[in-house]
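Okay, structure first, notes after.
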Amino acid sequence: MEKANKKGLSLVNLVAIAAGQVIGAGVVTLVGPAIGATGISAWLAYGVSVLMGFISIVPFIFLSSALVLQGGEYSIIERMLGEKFAGFYIVAYIAQCLGISLMGLSLGTYLNYIFPAIDKRLIAIVALTFFLAMNLMGVSVMAKLQTVLTTILIGCLLLFTAVGLTKIGPQTFDFSSPEFFTDGFKGFSSAVALYAFSTYGQYMVVNFGKDAENPKKNIPLAIMISSVIILIVYVGIALVNSGILPISETANKPLTVVAEKILPGPFLPLFIIGGPLMALATTVNSFYSARSNPLLRATRDGWFPEFFGKVNKNKVPFVLMGLIWIVGVVPILLNMSIKEITNNVVLVAYLLRMIIAIATLRLPKLYREQWEKSFIHLPDPVFYGITIFAILAQFYMVYLSARSLTPFMAATNIGFVVLCALYAVMRSKAGKVHIGSVAELK
């Protein structure tokens, strides 16, 4: 049986990975569109969204406190729901790799602000390539870089928030103002749905279980600690962005509009580098390893061609990471917008999280001993109540996401889900799948 890494990623590393994975495109690109959807209440929408995002990933906290499986999310589904569900999950999971395009393109947009002569798409591709190279050097190199980048990021964003909070006006908290809920509940719920895609990625730290030190304690702690950090940073940034300038000047605009107003000249480029750019860089940096670990386990089980599972001397699945790079670069080359990329990702993302939450219901029955030894063990009625609430929260987010899509995009997402299910059934029936040991790591 494979041993868990006793001298692996520390709690600090895991918090940096979790927080850096989340604090990315959302905080630098989605506040403006959310102001456009709901007005000044964009900050409140972010708070609601972060809380809903946390509720939706509580099942990952339960699971990671009781089990550490080699394939992370994929192995959870395989163990809890069986082979065909695992196959569907991991094939649909590929769509989530499109998210790296969103990060790369956003990063290119902000660097283009500093270097307008350089095409933002070229910058995006160079950035995706650079972080691919960092990840190919091994998980420890990625984690050390992530810790440094996340520290700079949080420091800059908190400084921006602290300066901005001294300048916001009383209208920021005036719920009766016509600019607070500019489009009523519809606009507010649209802003929540828009934000939600950027609020729950801290769960992906479960995919580093085999690399973590004391994973059954440190991984759930990392999810909880990073969630508090995310709530403070996101709500603070949204308060500043919506509470200083008229919403006509900030709606659908990036953070730089407000940053130009409140930061002295020489500090503006430093903020852009330390804030928005670091936010995007941390997300891209952790993205490759977080996404490739479940795909590697699935490849070894036969869901994808064996060649995909090749690793380099640093035990990194370089073929899978290369394919993630391709999935990220193609939308950029096709000149897709940030909104188009987000729409292609969000519905399937929530559907997969809902499946994980449903699978979690089986934890006490299938792994009674491990669950009772968990440091956050709860009585069964409390556990089931919280998990069912998380499922309902995910279902609501699926509904909000589907409602915000055009009929064509909704049909595309549904078609993709059907194809994933068909692939899983056909691959399984063809005898290509041979589930290996995903035994709990001790």
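The values are calculated or read from the model by the stated rules, or taken from the named source; none is laboratory data. The structure presented is a predicted model; accordingly, all values stated were derived computationally and were not measured. All Cβ positions, glycine included, derive from the backbone under ideal geometry; neighbour counts span all protein chains shown. Quick note on the areas: whole protein, heavy atoms, side chains included, nothing else; ligands and nucleic acids left out. Shrake-Rupley method; radii C 1.70, N 1.55, O 1.52, S 1.80 Å.
Some observations on this one:
- Residues with amide H under 5 Å from that of T182, placed H, sequence gap 5 or more: G39, I40, S41
- For the chain, the dipole from Cβ point charges (+1 on Lys and Arg, -1 on Asp and Glu) about the Cα centre works out to 1120 debye, to the nearest 20.
- Taking a span of 30 Å or more along the helix axis (Cα atoms) and a mean Kyte-Doolittle hydropathy of at least 0.5 as the rule, the DSSP H helices of the chain that qualify are 42-66, 139-165, 215-243, 338-360, 380-404, 407-429.
- Pairwise centroid distance, computed over Cα atoms, of the range 123-161 with the range 168-199, Å: 31 Å
- When only alpha carbons of the range 178-273 are considered, Rg and Dmax amount to 17.7, 52 Å.
- In the range 137-187, trypsin sites (Lys or Arg not before Pro) in a DSSP loop with at most 14 other beta-carbon atoms within 10 Å: K167
- Here is the size of the chain from its Cα atoms: Rg then Dmax, 21.0, 65 Å.
- HN-Hα J in Hz across the range 364-378 - Karplus 6.51, -1.76, 1.60, θ = phi - 60°, x for Gly and Pro: x, 7, 7, 10, 4, 4, 5, 5, 5, 8, 4, 6, 10, 4, 10
- Gyration tensor (alpha-carbon) shape descriptor, the range 12-123, a/c threshold 1.5: prolate
- Heavy-atom accessible surface of the chain: percent carbon and sulfur, 1.4 Å: 70 percent
- For the range 114-221, a Kirkwood hydrodynamic radius built from all Cα pairs, placed in the Stokes-Einstein relation at 10 °C and 1.306 mPa s, yields a translational diffusion coefficient of 86 µm²/s.
- Taking amide hydrogens as placed 1.01 Å from N in the peptide plane, the amide H of A212 sits under 5 Å from those of N5, L9, each at least 5 positions away in sequence or on another chain.
- Structure note, pairs K217/K432; K217/K315; K210/K429: Cα-Cα distances above 32 angstrom occur for K217/K432.
- Ellipsoid fit via the Cα gyration tensor, the range 204-326: semi-axes of 38, 18, 13 Å, each the root of five times an eigenvalue, largest first.
- The residues of the chain expose, per residue, 39 Å² of accessible area to a 1.4 Å probe.
- Positive-end extreme of charge dipole, the range 59-154 - chosen from G72, F85, L136 (charges on Cβ): L136
- The Cα center of the range 300-329 and the Cα center of the range 237-260 differ in position by 41 Å.
- Ellipticity at 222 nm from helices only: DSSP H runs of n ≥ 4 in the chain, each -39500 (n - 2.57), divided by the residue count, give -22500 deg cm²/dmol.
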